[in-house]
Structures are given as structure tokens and as C-alpha cells.
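Structure, as C-alpha cells:
Every read-out reported here was derived from the displayed coordinates using simple, explicitly stated rules and does not represent laboratory data. Remember, predicted model here, so these are calculated numbers, not experimental data. In this analysis, Cβ positions are derived from the backbone assuming ideal geometry, glycine residues included, and neighbour counts consider all displayed protein chains.
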Amino acid sequence: MEAVRPSSYGEEDLQLQLALAMSKEEHDEEVKRRKGDELKLQMALEESRKTKDDDVCLLHKFVCLTVFNIFCQLFQVSLIKLVLISVCTSIQQKFFSNSSKTWYVGRA
């Protein structure tokens, strides 16, 4: 222990300056590391927001396409019904126009 103890005030001052410089250097490195960590965190948060926005956009597109497909299917069913009614009407006019019997679509 005696070998570490400074032998004069000058040597003690030098040891204190050295310890202070080392402490300051460690502090600066810690601050730099924290800034790097904060930057990485900010980048991760931004990427997360972007991914969330992209997911919401994809979900919106999926919902729109699903609704569009449903309307297309409903329209096709309606169109098929219209075509069937038209065909049945044409058949009725062609075959039963001279007859006194009335033919109704969908009735026995």
C-alpha cells in the first residue's frame, strides 16, 4: 500500500489529474454509448411505426378487396337472376303467347 501512496504533493496532484482524466474518459464513452442506444431505439420505433402503417395499409387493401369480391358475387347472382327471368320471359312469350293460359316463373 505504501508503494501506491504519493511521495509528494506534485505526485499526488498528478495522480488526481490522471484519475480525473480517466473518469472523464469513461463518462464520455458512457454518454456516447447511451446516445448510440437511444439512436438505435428511435430507429427501431420508427421501423415499428412504419411496419404498423404498412400492416394497416395491407389490412385496408384486404378489406376493400373482400368487399369488392362480395359485391361482384352479389352482382353476378343478380345478373344471373335477371338473365334467367329474361330467358323465362322469352320462352313464355314464344311458346305460350297464343295460349290463353298464363305461365308464371317459379310457380307450378
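Worth a mention:
- Taking the C-alpha atoms of the range 1-76, convex hull volume expressed per residue in Å³: 69 Å³
- Label point distance in nm, MET22-LYS61, each placed 7 Å from Cα along Cα→Cβ: 5.9 nm
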